[in-house]
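Chemist: Here it is, the structure in full.
Since every read-out is calculated from the coordinates, none of them should be taken as a lab result. Just so it is clear, the model here is predicted, and its values are computed rather than measured. Because the Cβ atoms are built from the backbone with ideal geometry, glycine has one as well, and the counts that use them run over all protein chains shown.
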Amino acid sequence: MEQTFAIIKPDAVSSGHTGAILQRIEEAGFRVAAMRMVRMTKAEAEGFYAVHRARPFFDSLTTFMSSGPAVVLALEAADAIARWRTLMGATDPGQAGEGTLRRRFGSSIERNATHGSDAPETAAFELGYFFRGLERVGEPVPAP
Ligand code: GDP
């Protein structure tokens, strides 16, 4: 089993799509190992997206990500990192495939509804940025 880090971004939360996206997550077979609603400060968003510091859209992206509440998640499944990126679709909702979350819920390349880690190292950094180990709960222990 692998864990990935996901965000339901402020655009999707403010437009009332949190529940629909969570339903798609569960229907796709991910186990939600941790979940919290956060309102990132601009500095917290800048820390999260530090690898994109030099990109021209960095200021706009971090302003957007700190513009309202978002839902942060640890998602668990076999091959969770790749499978979650497939379910999200391409970064630009206009390029994302039919049936993907970004195609359905995104409205621009920036306001694209969801985030997902792109590799095991980024998943480890991103999960650790938002969750303490204790918050990523394990499966219930079956009764003897
Ligand atoms: P991701 O891995 O698919 O999320 O894409 P990236 O790591 O390349 O970009 C991170 C986030 O920055 C994306 O999810 C978008 O919200 C935003 N972003 C990416 N490219 C652009 C762009 O060209 N313009 C703007 N304004 N935002 C962008």
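Chemist: Measure nothing but the geometry: give the 0 to 90° angle between the long axis through the Cα atoms of 120-130 and the longest principal axis through the Cα atoms of the chain, rounded to 10°.
Modeler: 90 degrees
Chemist: Let me ask something additional. If R₀ is 25 angstrom, what is the calculated FRET efficiency for the pair residue 32 and residue 63, using the beta carbon separation as r and rounding to 0.05?
Modeler: The calculated FRET efficiency here is 0.35.
Chemist: Residue by residue through the stretch 78-85, which ³J(HN,Hα) values in whole Hz follow from phi under the Karplus form 6.51 cos²θ - 1.76 cosθ + 1.60 (θ = phi - 60°), with glycine and proline marked x?
Modeler: Listing the rounded values in order: 5, 6, 4, 4, 5, 5, 5, 5 Hz.
Chemist: Expected output is a single nm value to one decimal: the length gained when fully extending between residue 86 and residue 124, i.e. 0.36 nm times separation in residues minus the C-alpha distance. What is it?
Modeler: Working: separation 38, 0.36 × 38 = 13.68 nm, distance 1.92 nm.
Gain in length upon complete extension: 11.8 nm.
Chemist: Something else: Output needed: percent of Cα pairs per 5 Å distance bin for the chain, bins running from 0 to the one holding the longest distance.
Modeler: It works out to 2, 10, 19, 24, 23, 14, 5, 2, 1, 0, 0, 0, in whole percents.
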